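The values are calculated or read from the model by the stated rules, or taken from the named source; none is laboratory data. Everything numeric here is computed off the predicted structure, so don't read it as measured data. All Cβ positions, glycine included, derive from the backbone under ideal geometry; neighbour counts span all protein chains shown. Ligands, DNA and RNA are stripped out before the accessible areas are found, and what is left, the full protein with its side chains, is counted by its heavy atoms. Shrake-Rupley method; radii C 1.70, N 1.55, O 1.52, S 1.80 Å.
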Amino acid sequence: MPHSRAFAVAAGAATLAAVSASIMIGPAGIGLADALAGDKRAALILFEIRLPRALAAFLAGAALGAAGAALQGLLRNPLSDPGVLGVSSAAALCAIIAVYFNLAAAHALFVPLAAITGALGAVGLLFALGAGRVSATRLILVGVGLSAFSGALIALVMNLAPNPFVLSDLVNWLFGSAANRSFTDIALAAPFMAAGLAAALCAAPGLSALAL
């Protein structure tokens, strides 16, 4: 246990250092001292451009880490992650369908809600196909099949893109990027991340028991 706590402290310190470095380092050649000295340009770059980008990357990594840890405990496999069960692929499929039809123009929440719907649909399908009634190995095999099927549909949607601009939007979404993120984007994503983290923490004792 002491070793685990020491590792957690060291990992937290390294994460804080990385986030701080991402805020301070950039082509503009400015630092926190410039912003605190009253340089409006420096304050804008640090707190309106770099800080939201760094926080978005940190929160996305934390959410993915929590999801991976939960599935590793559930499946008793140290290599498990949401992609193994096809949840990530199903979420990506629904999201790029929303991007394809430009639903984000109607409301900023449409694309993330589409991704969440796809993920929940994949989980529901896995449950219907035997989650909780079959072995973890068989469940993983079902998930791999679901992931491959979703990947094929993603390729089909991209192939049907009506013009290069739509295809570029689809590719950019799939690759992921923290560029041009704002506090508004973080505020939209934070409640969903918090709900997932809370669910993972509530399930942690049971997952730890499964690991035994």
> Which residues, counting only those in the range 88-117, are closer than 18 Å to residue 153 by Cβ and not in a helix (DSSP H, G or I)?
Replying inline: 101
> residue 136 versus (1) under 22 Å from residue 70 (Cα atoms); (2) crowded, with 17+ Cβ neighbours inside 10 Å: which is the lone unmet condition?
Replying inline: (2)
>> Please count how many residues of the range 139-166 are open to solvent by less than 70 Å² (accessible area, probe 1.4 Å) and within 24 Å of residue 111 (Cα to Cα).
In response: 15
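Go through 141, 85, 120 for me and flag whichever is touching a residue at least 12 places away in the same chain (Cβ under 8 Å) and either part of a helix (DSSP H, G or I) or more than 19 Å from residue 177 (Cβ to Cβ) (or both).
Values: 141 fails: touching a residue at least 12 places away in the same chain (Cβ under 8 Å); 120 fails: touching a residue at least 12 places away in the same chain (Cβ under 8 Å).
After ruling out the rest, the residue left standing is 85.
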> Considering 118, 83, which residue is within 17 Å of the chain's Cα centre (by Cα) and at pLDDT 85 or above?
Replying inline: 118
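Take residue 182 and tell me if it is hydroxyl-bearing (Ser, Thr, Tyr), within 18 Å of residue 110 (Cβ to Cβ) and surrounded by 11 or more Cβ atoms within 10 Å (Cβ to Cβ).
yes
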> Could you say whether any residue in the range 6-14 is open to solvent by less than 60 Å² (accessible area, probe 1.4 Å) and closer than 30 Å to residue 157 by Cβ?
Replying inline: no
>> Give all pairs with beta carbons closer than 6 Å in which a residue from the range 172-190 that is among the small types (Gly, Ala, Ser) meets a residue that is open to solvent by less than 60 Å² (accessible area, probe 1.4 Å) and part of a helix (DSSP H, G or I); count only pairs at least 6 apart in sequence or on separate chains.
In response: 178/56; 178/57; 182/52
